[in-house]
Amino acid sequence: MNALGFAAQSATAPLERFVFERRAPEPDEIAIDILYCGVCHTDLHLARNHGGYTTFPIVPGHEIVGRVREVGTDVSRFKSGDMVGVGCMVDSCQHCKPCLKGWEQDCVEGATFTYNSIDWRDGSITFGGYSGSITVRDKFVLQLPEGLDPAGAAPLLCAGITTWSPLHRWKVGASSKVAVIGLGGLGHMALKLAKALGADVTLFTRSAGKEEDAFSLGADHVVLSGDPEQMKAVTGRFDIIIDTVPYDHDVNPYMTTLALEGVLVLVGYMGPLATPVRAGSVVQGRRAISGSFIGGVPETQQMLDFCGQHGIVSDVEIIPIQQINEAYERMLKSDVKYRFVIDLASLKS
């Protein structure tokens, strides 16, 4: 069936209206009418082909909230009218070790991502949530808890799970001291989730004047990372640091703020670190540097359920799809608090 969305036809072209095909649901699939879709930095990077592996045309979007329109004959968990979410993946092999552990994002055969990925069923390129509908394997559809604002819930499908996964893996709780580097789409979710888990939460920032926002989002303390005295005062303090910075940066100043067996987790940047990490800051104190990439389907549902229980959603600015190119430019300037979300009803305009 025909679907309407917004796509980039090249790395230099603006996103514009685009008509394409969505298949009717297979027996184990669900057709979803999309209501809201968050705008992630990854969308911009892929639309501009910053990594050199984008297939055009590209329809971005992997923070999707919508309503079930139709279910396949083998689907029993969902019914027409259910409010659901779709995150960064729409399929995986389901039989390799990571998949069997619920870590589909690390599928050995390669997860099928929500856009710019090869759909194993028909070999087509997947198109994402900047569109009116999507068809997804039921195992990759998430139940949206009742009471969560659907627009604010959309970024939970990427920014939420990306920060929840390391907090969950390292068992953050009431006795934990957590620090977050950077206050953006990921950082603000890390603050909210760590605080709801009961942790003592600190924001590291290079910019003065973020205290009010940080405290309102759940931070107990704010440390200016460029101030040697403030950094010295938190030496050996943190059990876990969630590093949300999306570009190359020096992690060395933060390593000495980790407690014994503390860990710094990279969640925002996947490229090479130009400044080598001083081995002594890792060896002394049994510290570690780790990484975390989104999260699997079971963990994402767990995160959504937790957010439902605690009333946690992302702070969003809702935009019509016609403003997506402007939103990209503003996102590059960090001119959003803290996530753009597209109202897909605007496609009808």
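The values are calculated or read from the model by the stated rules, or taken from the named source; none is laboratory data. It should be emphasised that the depicted structure is a prediction, and the values quoted were computed from it without experimental measurement. In this analysis, Cβ positions are derived from the backbone assuming ideal geometry, glycine residues included, and neighbour counts consider all displayed protein chains. Heavy atoms of the whole protein, side chains included, go into the accessibility calculation; ligands, DNA and RNA do not. Shrake-Rupley method; radii C 1.70, N 1.55, O 1.52, S 1.80 Å.
Hey, which of these cross-link pairs are over 30 Å Cα-Cα: LYS192/LYS333; LYS97/LYS337; LYS171/LYS210?
Values: LYS192/LYS333 23 Å; LYS97/LYS337 38 Å; LYS171/LYS210 28 Å.
Flagged as over cut-off: LYS97/LYS337.
With a 10 Å radius around each residue's Cβ, average the other Cβ atoms per peptide and rank 229-240, 310-321, 134-145, highest first. Mind dumping the intermediate values first?
Values: 229-240: 15.8, 310-321: 18.1, 134-145: 21.4.
My ranking of the peptides, most packed first, is 134-145, 310-321, 229-240.
What number, in percent, do you get for the relative contact order of the chain if the mean sequence gap of Cα pairs under 8 Å and at least 6 apart is divided by its residue count? Intermediate values should be presented prior to the final figure.
Numbers: 798 pairs, mean separation 62.5, N = 349.
Normalised by residue count, the contact order of the chain is 18 percent.
Just how much of TRP170 is accessible, in Å², when a 1.4 Å probe is used and the result is rounded to the nearest 10?
Solvent-accessible area, nearest 10 Å²: 80 Å².
At most 14 other Cβ atoms within 10 Å and a DSSP loop assignment: could you name the trypsin sites (Lys or Arg not before Pro) in region 273-330 that fit? Present the calculation step by step, with values, prior to reporting the outcome.
Numbers: sites: ARG278, ARG286, ARG287, ARG330; in loops: ARG278, ARG286, ARG287.
Sparse-neighbourhood loop trypsin sites (Lys or Arg not before Pro): ARG278, ARG286.
If we count every other residue with Cβ under 11 angstrom of VAL234's Cβ, Lys/Arg +1 and Asp/Glu -1, where does the sum land? Provide the component values of the computation, followed by the final result.
Details: positive: LYS177, LYS232, ARG237; negative: ASP227, GLU229.
With Lys, Arg at +1 and Asp, Glu at -1, the neighbours total +1.
Take every DSSP beta bridge whose two residues both sit in the chain, then give the antiparallel share in percent to the nearest 5.
On the way: 33 of 60 bridges.
The antiparallel fraction comes to roughly 55 percent.
Give the lysines reachable from LYS79 as a straight Cα distance under 19 Å; neighbours fewer than 8 places away on the same chain don't count.
LYS139
Putting +1 on Lys and Arg Cβ atoms and -1 on Asp and Glu Cβ atoms, find which of ALA259, SER133, ILE289 reaches farthest to the positive end of the dipole of the chain.
The listed residue farthest towards the positive side: ALA259.
At 222 nm, what helix-only mean residue ellipticity would the chain give, in deg cm²/dmol to the nearest 500, using -39500 (n - 2.57) for each DSSP H run of four or more? Can you show the working numbers first?
Numbers: 11 runs with 83 residues, N = 349.
After summing the helix terms and dividing by the residues of the chain, the value is -6000 deg cm²/dmol.
How about region 253-349: which chymotrypsin sites (Phe, Trp or Tyr not before Pro) there lie in a loop by DSSP and see at most 15 other Cβ atoms within 10 Å?
On the way: sites: TYR254, TYR269, PHE293, PHE306, TYR328, TYR338, PHE340; in loops: TYR269, PHE293, TYR338.
Listed in order of number, the matching sites are PHE293.
In percent, what relative contact order does region 283-347 have, based on Cα pairs under 8 Å that are 6 or more apart in sequence?
34
Throw me the Rg/Rh for the chain, computed over C-alpha atoms with Kirkwood Rh, two decimals. Could the numbers behind the result be given before it?
Values: Rg = 20.1 Å, Rh = 20.7 Å.
Ratio of gyration radius to Kirkwood radius for the chain: 0.97.
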